[in-house]
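Notes for the one structure printed next.
The values are calculated or read from the model by the stated rules, or taken from the named source; none is laboratory data. This structure is a prediction, so every number in the text was calculated from the model and none was measured. No Cβ is skipped: glycine too gets one built from the backbone with ideal geometry, and neighbour counts run over all protein chains shown.
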Amino acid sequence: MATPVTRILFVGDMHLGTRPTRLPAVLGDPDRYGPAAAWERTVTAAVERGVQAVALAGDVVNRRNALFEAARALRPGLERLAAAGIATFAVAGNHDTRALPGLVTDGVPLHLLGRGGTWEAVTVGGDDRPAVRLVGWSFPQDRWTESPLATPPPAADRALPTFGLLHADLDAAGSPYAPVASSALAAVGYDRWCLGHIHTPGALPQDGRPFYLGSLSSLDPTETGEHGPVLATVTAGDPIRLERLPVAPLRWEHWTLACPPQLRTAGDLQEFIYREVSARAAALAPAPDTALGLRVVLGGAVDDPAAVAAAAATIDRTPLRQDGVEIFVERIACRVRIAADLEALAQGTDPAGLLARHVLLLENGAADPAGSALLAELMDGLRTAAAIDLDETMLRQRGAAAARRLLDRLLGAGGRP
Amino acid sequence: MRIDRLDIRSLPGLDDRFTLEPGPGVNLLLGPNASGKSSVARAVRDLLWPSLADGQARWLRAVMHDAGGELVVTCDGREPAWSRGGAAAPRPSLPDAHLAPCYRVTAADLLGGDHAFDRDLAAAIRREMTGGIDLDKLADELDKPQVRRRNELEQALRATRDRSAEVTRRQGDLARRRADLDQLRADVASARAAGRRAEALRAARDLAQAVQASRDAEAALQACDAVMPAVNANDLQTYRELGTRLAAKRELAERLEAQRRQLADELAGLVLPQAGDPTTLLARLAGLVRDFKGAEAAAQAAADHRASAARLAGAAADAALAAAADADPQALARIERLLLETDAALGALEEARQEAGGGGPALPWLIGAAVLAVAAAMPLPGGVPARAAAAVAAIVLGAVGTRGLTARARRSTTESARRQRDAAAERLRALQARLETHSAELARSEALAAQKQSDRDAARGRVAEACAAWGEDPPRTGAEAEAMLGALTARVERAVARRAQLAQVTADREAASAEATQAEAARGALLARLGLPAQADDEAPVARLVDALEPWRRTVADHKAASAVLRERAERWRSLAEAAGLDPTAPDLADLEARIDAARVEEQRLQDLVGALTNLERDLAEAEAGHDLAAALAAEAEAQADLEAWNDDALAQRLEAALLADLHRRHETLSAPEDVRRADDLLGAFTRGRYGLKLGRDAKGSTFLVRDRETAADLGLDTLSDGTRMQVLLAVRLAFLAGIEAGARPPLFLDETLTTSDPARMAAIASTVAAAARATGRQVFYLTSQPADVGAWRAALAGADLPPPRVLDLAAARRQGAAATESELAPVAPAAIPGPGSDDPATYGRRLGVAAFDPHAGWEPLDTFHLAGGDLGLVHRLREAGAVRAGVLAAVLPRLAEAGLVSDGQRRRLELALAVARAFIPAWSAGRPRPATIADIDTCEALSDTMRPRALALLGELAWNAHRFLDALDNNGIARLQRKIIDDVRVHLAERGLLDARAPLDADALAASVVLNVTALNADARTSLEDMRALVHHLLGAIPRAIADDPSSRPSSGSGPSA
């Protein structure tokens, strides 16, 4: 006899009503790779895996498109789940405060937890399955500067596995999106805290420390890495198991490819990129019928950065289909460096030496006066020329990259290694 | 290397010999124009670089001194010879001849030409200092942010935002409309119910109208004559025909009756035998008549025969008479008498015959015939008729005597009678014979005739007897009998015909009467059918009925139609009433019109409501099925990302450019060759710190640039005043000399190069040159024709604690008299700068004419008065040292400190103040772009030459505010300026830094920013935060209100339209 289990599928920010951007036209309808498609796959996964409940961690819809298109995408999935006997719970995120309550009153089979900024608990499972408590809190309005814990949630119960479902801004004091401290949440004593709001998926914890489920599927090229719902399996007497399901139809990755020094021609570069991308994509083992979007940075020290840069501008970016996955390179940035000993170069007094010292100053990040002076000069220059303000970290980072490129140019121009 | 003695004995251009004994430092070679100053310099050059000499023979000798001791060079001819201690010595190591111009600097060299020498110099220095890397070229090759592209991306972003906002607004509207959906549906249902109700009520009204119409039709029908169903349209016609027929038949009957009566009368008028059949009787009569006529014919024949015999006798008589006449006139006369008598006899005969009732006595005839025969016997003219007539006459005459003869005789003429007398006599005789024959025949026929006459009379008697039955008089002759018979026959026939006619007429009359009766009966039946009395001929009632027939039929039809309508409407009412929920059994007709109107009003909304509902449902379906907003948001996100990518790239490009510029600056500062540093130092010294020197590029290539520390402007040589340019190039050459001299340092000749400098600048230059000469052991010759220069030099060197210059009066040396008196050569005291005395800072500032602070001009032009922190003594000293502007102060501060003009503490405070001033500018400039300038418009290629003046005028009206200027262009501020041009102008102004959408910092934020930046550069400054904040607020206070309140209220200093 199989051990009875209770399964809950946690779904992070879906932002239904959003269309993924930066997809090549050759992929066809971008909505095939959007949140609606991800939600449909998630529902299918929930049904196939026989979960007892699906829990949505807020930002179910995109606030700016919550009136029609998002609701249209959400309803069929909820009805499928209801038809399969799967209850769906949700907390309202900052995007949902107007749309989600309306949906619930519209007869959609969705239980909105913690409506109006209160804590609400429901029990999932029971009978012949382990009972699991789901406790949630919903945004009462778009902006909420108080911690959700300002109102105490139901107390932990050792005998009843409890999942906290919350849409909040972790460790961001002063945030207008329900700021809450990780430590405070962990101190509540729940078995798991599944959070929405930040789209970058967090590592799946083994304890009650909160983690972000992440967006259900990448919404834009900045949302890299594996996305998808998290399946929680509760078995009596066993630790709770969390597993991220690879159902997201779109995944973005930013890969820096270290170019070999002798790389020079477009053909060589094309082959190099193809080989690297193919190998790395295979290692990711994405689910079939999905897309993998890439932003590639060509890095490394090469003999002729200018040639590589020129070659990079001619790269054929036709999508590659591999194991049912559409792999496309959305952008290629050439950051190759000329092969040079920066430290040795910095000993010189010529412009290259001076620039090498700049690079070292900026890259090392030490708070020495020379570096600060350089940063101040750069900042003044930016402000004067383009009214740009950057914080020191960003300025240092971007300045270092610029200094690198300039050094490459300088060395290339001088014909020096 | 210094020249202790110079002997000139022969030199082209000089006609005398003389000796000069210069001093080791600065020598002032004084002499009027054309006194040989330049020749002296040329003489030294020819000795040191003989290859530059003009080839003419000369005699020159110089006693020199260098590290090796005394050195003599003599030129007796063309080539100089070197000797040391009396022995020939090698030429000392001197710079190449092409560098010789560096050792003789003339005002003409410095002021004129294209400075090719200096350019080459600059290029060489640049190459040397960058290790072969062309930083300028690299700067040119750097990618520049394409502001136009950013403009496009921003426009694209705005367009996508507009699009998503539009879709959002539309969906928002739709969502609000969705809230009305249920109400709309209810309204539609209500309106539909109202429509049904209105329809039912209208049906009820129609039904009521139908009932009334039916009743009216029924009443109309009832009002019609009851006989109308029996009335036919042709009844009147029938009636008329029957009447006509009746009249006709009656008239016919009457006419036939009259005819019958006439026939009867006529028949009655016909005398017919009383007994016996008239026809039979008539046949018998006919027989009798026939007999009578036969008898008469026989009598006639006998008479005719007798007449023939008589005629023959008469002819014979005529012939005899004629013959007699011819033969005897008397006979003719007798004949004539006979004719007359014959006529009379004939008359008498006729009378007698008449008297006898048709049958006369034969005798007269015989007599007449005899007479006639006599007459005929006489030859008569005129032919047979006449003769016949004469014969008849003769017969008649024969009856009456000789009367015919007489007439016959009268008709004959005497003459013809005479002609015929002879013939007649002849014939008379023949005729007499024949007359006798015929007279016999005549007598016999006379007898037969009498017999026949008798038979005839008998037959006539029988006829007469028969005639009595017919009421007829007995006919006298057969003709009469026959005529009578004919008449009787006609009478009988007429009687028969009349009888037949009478029968026919009687029958016809009876038939007509019968038909009249029948017509009358028919008419009676018609009238009876029409319910009319069988009256006489009066068609009016019938006509009335027939005329009423069509109305009646219409009435009937109306009635039928009304009934049908009533049924249909009753059925419709029941149906609609049930649909509308009304009682179908009895429509409530109360206030029907009002209720219909009310329902109609509600019903009239239905179409609008249904339309609205349909549209709403369609829009909702489309909104739910579409991806408009998702697509719009995605497009907006992509546009935003594109713009961010541009910003990212632009940031990288700007950073690269900033790094390169910094690299350039730092390298020039840190790694610049001694030449440039020395030149910079020298120029700074020459200009009391105002100008600095740097390498740069212009369109012609490498060149020197001068940094004006008062205006923070980098100036090209061409833009400098003559004096400054000379000072720059002098500094460059002086500095360069040190770099190129590997061994000996040849003397430097300055040929009136300071004539264009003001006294203070000249003093600075003089002291600097003297100091440099002293430091390097270089001998300097300053060639001048101005005695005042001597005083200036003396004053300058004295002020710098340097040895006084040696004055070489060339005129005196050439024994031409002193060039100037000693008093003319006295030192000139420089103008003093007023001290602060007891002034407060404000008063002292006003007295000094402290310039206002315009941050748009940068920090360099800032008056050092603002940086001294109220230390008026320091202000005075700085001004005396020429450090009036911050840029100058930054350059000379170390030297001033070194010279003890500022203390260490003052130096630190001034350095901090300078750092604050530097940081102040970008912080203050945030959101305060500089005002536009004429140059900004002049360099805008998007504007045509005709547009530029208008743009400048508009810009001036708008206080040179670029933002407002662009707003005005957007609002057609310059007519017919195309959108693309406006966009290009926007890009151009943005590229020139005239657009800054940031909010300006307030005083506290500005101070915080400045402090942050200063402390980032100088950690030690953290101990002086309050001082920095105070200085920031002081600087803010130093900005004129016009600039502080509206930075664009006037053009930037020196470059606006007032410049």
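Observations
- Flag: residue B:883 matches the condition of being buried (at least 16 other Cβ atoms within 10 Å of the Cβ) and not in a helix (DSSP H, G or I).
- Summed over region A:88-128, residues that are over 27 Å from the mean Cα position of the chain (by Cα) and of a type in the set (Gly, Ala, Ser) total 6.
- Looking across B:295, B:307, one residue alone is out of contact with any helix residue (DSSP H, G or I) (no Cβ under 7 Å at 6 or more places or on another chain), assigned to a helix (DSSP H, G or I) and crowded, with 19+ Cβ neighbours inside 10 Å. It is B:307.
- Residue match in region B:808-827 (condition: in a loop (DSSP other than H, G, I, E, B) and at pLDDT 85 or above): no
For every residue, the table says whether it meets (1) exposed (fewer than 14 other Cβ atoms within 10 Å of the Cβ); (2) under 58 Å from the mean Cα position of the chain (by Cα); (3) hydroxyl-bearing (Ser, Thr, Tyr).
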{"residue": "B:527", "(1), (2), (3)": "no, no, no"}
{"residue": "B:530", "(1), (2), (3)": "no, no, no"}
{"residue": "B:533", "(1), (2), (3)": "yes, no, no"}
{"residue": "B:545", "(1), (2), (3)": "no, no, no"}
{"residue": "B:564", "(1), (2), (3)": "yes, yes, no"}
{"residue": "B:579", "(1), (2), (3)": "no, yes, no"}
{"residue": "B:583", "(1), (2), (3)": "yes, no, no"}
{"residue": "B:587", "(1), (2), (3)": "no, no, no"}
{"residue": "B:592", "(1), (2), (3)": "no, yes, no"}
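- Set side by side, the residues B:993, B:927 differ, and just one is in contact with a Ser or Thr (Cβ under 9 Å, 6 or more places away or on another chain) and either surrounded by fewer than 17 Cβ atoms within 10 Å (Cβ to Cβ) or acidic (Asp, Glu) (or both), which is B:993.
- Residue B:534, sole failed condition from (1) hydrophobic (A, V, I, L, M, F, W, C); (2) within 30 Å of residue B:272 (Cα to Cα); (3) not in a helix (DSSP H, G or I): (2)
- In region A:57-66, the residue that is nearest to the other protein chains (Cβ to nearest Cβ) out of those that are without any contact (Cβ under 8 Å) to a residue 60 or more places away in the chain and crowded, with 24+ Cβ neighbours inside 10 Å is A:65.
Table: residues versus (1) in contact (Cβ under 8 Å) with a residue 40 or more places away in the chain; (2) in a helix (DSSP H, G or I); (3) away from chain A (no Cβ under 14 Å); (4) aromatic (Phe, Trp, Tyr).
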{"residue": "B:573", "(1), (2), (3), (4)": "yes, yes, yes, yes"}
{"residue": "B:600", "(1), (2), (3), (4)": "yes, yes, yes, no"}
{"residue": "B:612", "(1), (2), (3), (4)": "yes, yes, yes, no"}
{"residue": "B:634", "(1), (2), (3), (4)": "no, yes, no, no"}
{"residue": "B:665", "(1), (2), (3), (4)": "no, yes, no, no"}
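- One residue alone among A:279, A:258, A:266, A:236 is over 19 Å from residue A:169 (Cα atoms), touching a Gly at 6+ places or on another chain (Cβ under 8 Å), modelled with pLDDT under 95 and of a type in the set (A, V, I, L, M, F, W, C), and that residue is A:258.
- Set B:54, B:4, B:76: member being outside any helix (DSSP H, G or I), surrounded by fewer than 14 Cβ atoms within 10 Å (Cβ to Cβ) and not small (Gly, Ala, Ser): B:54
- The set of residues in region B:984-1020 being in contact (Cβ under 8 Å) with a residue 40 or more places away in the chain, assigned to a helix (DSSP H, G or I), within 11 Å of chain A (Cβ to nearest Cβ) and of a type outside the set (A, V, I, L, M) consists of B:991, B:1009, B:1013.
- Subset of region A:324-366 (residues that are within 9 Å of chain B (Cβ to nearest Cβ), surrounded by fewer than 17 Cβ atoms within 10 Å (Cβ to Cβ) and not β-branched (Val, Ile, Thr)): A:331, A:348
- Put simply, of B:204, B:165 the only residue that is crowded, with 20+ Cβ neighbours inside 10 Å and either at pLDDT 80 or above or not in a helix (DSSP H, G or I) (or both) is B:204.
- When B:975, B:935, B:959, B:953 are checked against the criterion of being in a helix (DSSP H, G or I) and either under 23 Å from residue B:1002 (Cβ atoms) or without any contact (Cβ under 8 Å) to a residue 12 or more places away in the chain (or both), a single residue qualifies: B:953.
- Residue match in region A:123-136 (condition: within 14 Å of chain B (Cβ to nearest Cβ), crowded, with 17+ Cβ neighbours inside 10 Å and either closer than 23 Å to residue A:230 by Cα or modelled with pLDDT under 95 (or both)): no
- Here is the figure for region B:79-120: residues that are in a helix (DSSP H, G or I) and either at pLDDT 80 or above or within 22 Å of residue B:781 (Cβ to Cβ) (or both) total 14.
- Enumeration of residues in region A:137-171 that are under 26 Å from residue A:7 (Cβ atoms), of a type in the set (S, T, N, Q) and either surrounded by fewer than 14 Cβ atoms within 10 Å (Cβ to Cβ) or under 25 Å from the mean Cα position of the chain (by Cα) (or both): A:138
- Residue selected from region A:43-96 under the condition touching a strand residue (DSSP E or B) at 6+ places or on another chain (Cβ under 6 Å) and polar (S, T, N, Q), by the criterion farthest from residue B:171 (Cα to Cα): A:52
- When every residue of region B:929-943 is checked against the conditions, none turns out to be under 28 Å from residue A:374 (Cα atoms), modelled with pLDDT of 85 or more, out of contact with any strand residue (DSSP E or B) (no Cβ under 6 Å at 6 or more places or on another chain) and among the hydrophobic types (A, V, I, L, M, F, W, C).
- Region B:636-654 - residue that is aliphatic (A, V, I, L, M) and free of Cβ contacts under 8 Å to residues at least 60 places away in the same chain and, of those, farthest from the other protein chains (Cβ to nearest Cβ): B:645
- Residue pairs whose Cβ atoms lie under 7 Å apart, sitting 6 or more positions apart in sequence or on different chains, and linking a residue in region A:2-19 that is within 14 Å of another protein chain (Cβ to nearest Cβ) and in contact (Cβ under 8 Å) with a residue 24 or more places away in the chain to a partner that is among the aromatic types (Phe, Trp, Tyr) and outside any strand (DSSP E or B), are A:14/A:39; A:16/A:39.
- The residues on offer are A:208, A:164, and the sole one that is closer than 27 Å to residue A:226 by Cβ, in contact (Cβ under 8 Å) with a residue 12 or more places away in the chain, not in a loop (DSSP other than H, G, I, E, B) and not charged (D, E, K, R) is A:164.
- Complete set of residues in region A:20-47 that are in a helix (DSSP H, G or I), buried (at least 24 other Cβ atoms within 10 Å of the Cβ) and either within 13 Å of another protein chain (Cβ to nearest Cβ) or at pLDDT below 95 (or both): A:33, A:35, A:36
- Residue match in region B:317-330 (condition: part of a helix (DSSP H, G or I) and either at pLDDT 80 or above or of a type in the set (Ser, Thr, Tyr) (or both)): no
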